[in-house]
Amino acid sequence: MAYQQGDTITASDYNSFIGDINTVIGTGSGDSGYGLTEISTVAAGATITAAQWNSLLSGLQTAANHQGSTITNASNTVSTGGNILPLSNLGTDITTINTNRLTAAGGNLSTGVAGVTSTRTTAWTGTVTHAFTVAFASANAARYFFNSGGRITMAFSRSGGSTNDQNTSWTNLLSGIGSVSFGPSDTTATAGGTSIGFYDLTGSAQTFLTSDVGSGVYSLNDLTGTASYDSAGTITFTLNFNDDHAAQTGTYTGGGLGTAPNEGGAWTGADSVDGTLTSTITFTKADNASYVQVANPTFTTTTGL
């Protein structure tokens with residue numbers, strides 16, 4: 001590449017730089033691309049104008065500002081009639097925005113945007129499910145959402161109801177999971193997070209969350225989350241609250257309730273979960289109109305608690 005002091009900046013040099021920047025800010029592919037309008041390339045043999053050079057630098061700066069990346073060359077704009085001088089760190093700056101392409105500065109994000117909530121107040125045993133979809137306008141729109149800092153956040157709680165060990169186990173389990181954050185390449189949580197994120201999804205359900213009570217009588221109780229993607233822009237999430245604890249059973253024998261007429265009769269211990277069970281889904285998205293701003297996805301509950 002003839003991009004050095006004393007040489008003419010060729011169309012091929014310029015287009016190469018533009019191609020690398022567009023991969024980050026434009027359509028891109030896979031985990032590259034924010035969905036912004038791409039910078040135009042120039043025809044072979046054309047002279048690079050000040051406006052074109054400044055477009056390159058503007059695209060570079062837009063990516064850096066969105067990410068919070070530090071670069072060195074964005075302020076080197078050119079006036080019409082002036083000379084375009086080689087920028088020694090231009091290649092390094094482009095590498096920086098590519099390396100940090102999945103990073104977004106907190107100030108450029110909207111967080112805690114309402115998605116969907118499901119609540120149950122009826123006592124339950126076995127498994128109850130909150131299933132919901134997150135629909136984007138297209139497969140590219142889904143990519144832009146996650147590439148630019150978007151994440152799906154889930155929080156769970158159980159409150160009220162009877163005072164018993166079963167309810168306490170679920171209260172502790174759900175509070176111990178903390179805030180679950182599903183991103184492009186991982187799922188984070190205080191407990192139960194995995195390395196599964198958006199780019200790991202297929203048409204078959206992938207487990208992105210699994211958390212249980214731990215040791216003790218109710219150790220079989222757990223919450224699992226799976227997700228699948230239809231490749232057209234819709235993610236299906238399924239959250240299963242599994243009360244797998246087996247209620248104690250037996251027969252009344254001797255003393256107290258074991259006297260007539262209960263003597264020898266069968267009994268089953270209480271095993272239901274009651275109170276209010278809540279699953280709250282929100283999201284984070286890029287939302288700075290000066291840099292990167294993506295559309296809201298649509299959330300729909302398909303199976304409520």
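With a sphere of radius 9 Å drawn around the Cβ of T278, what net charge do the other residues whose Cβ falls strictly inside it have (Lys, Arg +1; Asp, Glu -1)?
Residues close to T278 contribute a combined charge of +2.
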Fewest-first ordering of W53, W170 by Cβ atoms within 10 Å yields W53, W170
Using alpha-carbon positions, the gyration tensor of segment 11-99 gives root eigenvalues a ≥ b ≥ c; with a/c under 1.5 called rounded, otherwise prolate if a/b exceeds b/c, else oblate, the class is oblate
With A142 itself left out, Lys, Arg at +1 and Asp, Glu at -1 over residues whose Cβ is under 12 Å from its Cβ give 0
Rounded to the nearest 0.05, FRET efficiency between S55 and T202 (Cβ-Cβ, R0 41 Å) equals 0.60
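None of the figures in this text is laboratory data; all of them are computed from the coordinates on show. The model shown is predicted, which means the values in this text are computed figures rather than measured ones. Using ideal geometry, Cβ is built from the backbone for each residue, glycine included, and neighbour counts are taken over all protein chains shown.
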